[in-house]
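The values are calculated or read from the model by the stated rules, or taken from the named source; none is laboratory data. Source: prediction; values computed, not measured. Heads up, the Cβs are rebuilt from the backbone with ideal geometry, glycines too, and the neighbour counts pull from every protein chain shown.
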Amino acid sequence: MKFQFSKSLDGFSSSAVRDILKLTQGKSIISFAGGLPAEELFPLDAVSEAFQRVMAQGKSALQYGLTEGYIPLRQSIANWMGEKGIQVSIDQMLLTTGSQQAIDLLTRIYIDPGDVILVEEPTYLAAIQVFQSRGAKIVSVSGDKDGLDPDDLKAKINEHHPKMIYVIPTFSNPTGKVWSLERRQSVLNICREAEVLILEDDPYGEIKFGDTETYPSIFALSGQAEGSCVVYTSTFSKTVAPALRTGWVVGDPELIRNMSRMKQAADLHSSTLDQQTLHQLMEHFDLNQHIRTIRAHYEERMRLMADLLTERNWPGVTWIEPKGGMFFWVELPEGIRAEELLPKAVEQGVAFVPGYPFYAGNAKHNTMRLNYTHSDRESLIEGMNRLDRAIQSVLPVR
Ligand code: PMP
C-alpha cells in the first residue's frame with residue numbers, strides 16, 4: 001500500500017535525543033544525553049503506599065474519569081501552588097498526560113498553520129516538534145544570561161505579529177538558564193500590551209539550588225488567571241516520577257475549557273490510577289521534603305560536573321554554572337560541530353545531546369547539552385574522563 005501521510009509530518013524531524021538513546025542501547029554507555037531524573041531518588045515506597053491506598057478505596061480507581069482531571073488532585077495542586085504564591089482555582093486548571101500534552105493541546109486550540117510562534121534561542125526541542133507538526137512558523141528571539149532580550153522581542157513582534165510565545169524562564173532545557181525578575185516583568189508587559197499569549201513551561205522550577213533566591217513565575221506576576229495572557233504548565237515528572245505521566249496547566253478558564261475539549265479528542269482523560277496515586281501521595285507524603293532531598297543530590301552532582309569541567313580546562317570551551325534544573329549547556333570552540341563529536345564520544349562510551357536540534361532557526365553547531373542528574377558520582381567522573389578523550393581528539397593541538 002502506498003501510504004498518503006498528512007502534511008503535519010512535513011518538516012517534522014524525529015527527536016535527536018531519541019535517536020541518540022537508540023544508538024546507545026545495549027552498550028555500556030554513560031549517558032549525559034537524556035533529561036532523566038535519578039532513579040535511586042524515586043520515592044518508590046511512598047508511591048507504592050499511595051497506590052495501595054488507591055486500590056483499597058475500591059473500584060473507582062479503574063473507572064473512566066473527568067477530562068479536566070481528578071478533582072481532589074486538582075485541589076491538592078491548587079493548594080500546593082497557593083503555598084508558593086500562585087493563586088488558582090480548580091476550574092482554571094486542567095490535568096494533562098505530562099506537561100508535554102499541555103504544550104500540544106494549547107498549540108492545537110490556538111495555532112493555525114502559518115501562525116507565528118516566538119521561542120527562545122535555543123529552546124526545548126519537543127516543543128519545536130509540536131509547533132512544527134501544527135505547521136506553525138517558528139521564530140527565535142535572542143537573549144542573554146538574564147533571559148529574553150526585550151528589544152529583540154519587540155522587534156520580532158512588530159515584524160511577525162506572533163500569536164504566541166513559548167518560554168522556559170526557570171532553569172531552561174537546554175541551557176539551564178534562569179531569567180531575572182526584571183526580564184520576566186518586561187516580557188510580560190510587552191506581550192500583554194501586544195496581546196501575545198505567553199506559554200510558560202516550568203518543569204524545573206522546583207529543582208533549584210541554594211536556599212535564598214526565588215524566581216516568581218511570569219504567570220504569578222500576571223496576577224490572576226482570569227484574563228491573564230499567560231498559560232502556565234508544570235509536571236510531576238521531575239519531582240516525583242515521569243512514569244506517572246501527570247502534568248497540569250493553568251490559565252484563563254476560557255482557554256482551559258477549550259484545551260479540555262481538545263483533550264477529549266486526544267485521550268478522553270489522563271490515567272485515573274496515576275492521578276489518584278498522586279493525590280494520595282500529596283496527602284500522605286512530605287513532597288516538599290522530598291524535593292529538598294532531590295535538590296541536595298542534584299546540586300552535589302552539578303557541582304561535581306562543574307569541578308570536572310573546570311579541571312579539564314578545555315581551551316575555548318565555555319559554560320555557565322546552572323542555579324537549578326538538570327543541564328549544563330556547553331559551547332565548544334567555533335568550527336567544532338558537536339554532532340561530529342558525538343560518534344567519537346559514543347566510541348569512548350559516553351553520550352550527550354548536540355545542541356543544534358534545540359534551535360528553531362540558525363543553529364549553533366558548536367554547542368551541546370550535558371545532563372548531570374541521572375549519573376551517580378562514579379559515572380559522572382568516568383563519563384567526564386571519556387568525554388575528555390573524545391574532546392581532546394577534536395580540539396586543536398595546544
Ligand atoms: N517541557 C520541558 C522544557 C521539558 O524538558 C520536558 C521534559 N523533558 C517537558 C516539558 C515534558 O515533560 P512531561 O511531559 O514529562 O511532564
Taking the stretch 108-138 and the residues there that are among the polar types (S, T, N, Q) and either within 13 Å of the ligand (Cβ to nearest atom) or under 14 Å from the mean Cα position of the chain (by Cα) (or both), the one that is modelled with the highest pLDDT would be Thr123
What helices (runs of 4 or more DSSP H), lying completely within the stretch 257-349, carry at least 2 residues that are over 29 Å from Asp91 (Cβ atoms), over 20 Å from the mean Cα position of the chain (by Cα) and free of Cβ contacts under 8 Å to residues at least 12 places away in the same chain?
287-312
Top-ranked residue in the stretch 346-398 [being touching a helix residue (DSSP H, G or I) at 6+ places or on another chain (Cβ under 8 Å) and of a type in the set (D, E, K, R); ranked as nearest to Trp329 (Cα to Cα)]
Arg369
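Yes/no matrix, rows are residues, columns are (1) touching a Leu at 6+ places or on another chain (Cβ under 8 Å); (2) modelled with pLDDT of 95 or more; (3) over 27 Å from Gly143 (Cα atoms):
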| position | (1), (2), (3) |
| --- | --- |
| Leu287 | yes, yes, yes |
| Ile291 | no, yes, yes |
| Ile294 | yes, yes, yes |
| Arg303 | no, yes, no |
| Leu308 | yes, yes, yes |
| Asn313 | no, no, no |
| Ile320 | no, no, no |
| Asn362 | no, no, no |
| Thr367 | yes, yes, no |
Only residues that are assigned to a loop (DSSP other than H, G, I, E, B) and within 15 Å of the ligand (Cβ to nearest atom): list them for the stretch 216-244, please.
Ser217, Phe236, Ser237, Lys238, Thr239, Val240, Ala241
When restricted to Asn371, Asn366, the only residue under 21 Å from the mean Cα position of the chain (by Cα) and of a type in the set (S, T, N, Q) is Asn371
Output for the stretch 207-220, where each listed residue is crowded, with 23+ Cβ neighbours inside 10 Å and either of a type in the set (Asp, Glu) or out of contact with any helix residue (DSSP H, G or I) (no Cβ under 8 Å at 6 or more places or on another chain) (or both)
Phe219
What is the number of the single condition among (1) surrounded by fewer than 19 Cβ atoms within 10 Å (Cβ to Cβ); (2) over 26 Å from the mean Cα position of the chain (by Cα); (3) within 17 Å of Gln275 (Cα to Cα) that Pro72 does not meet?
(2)
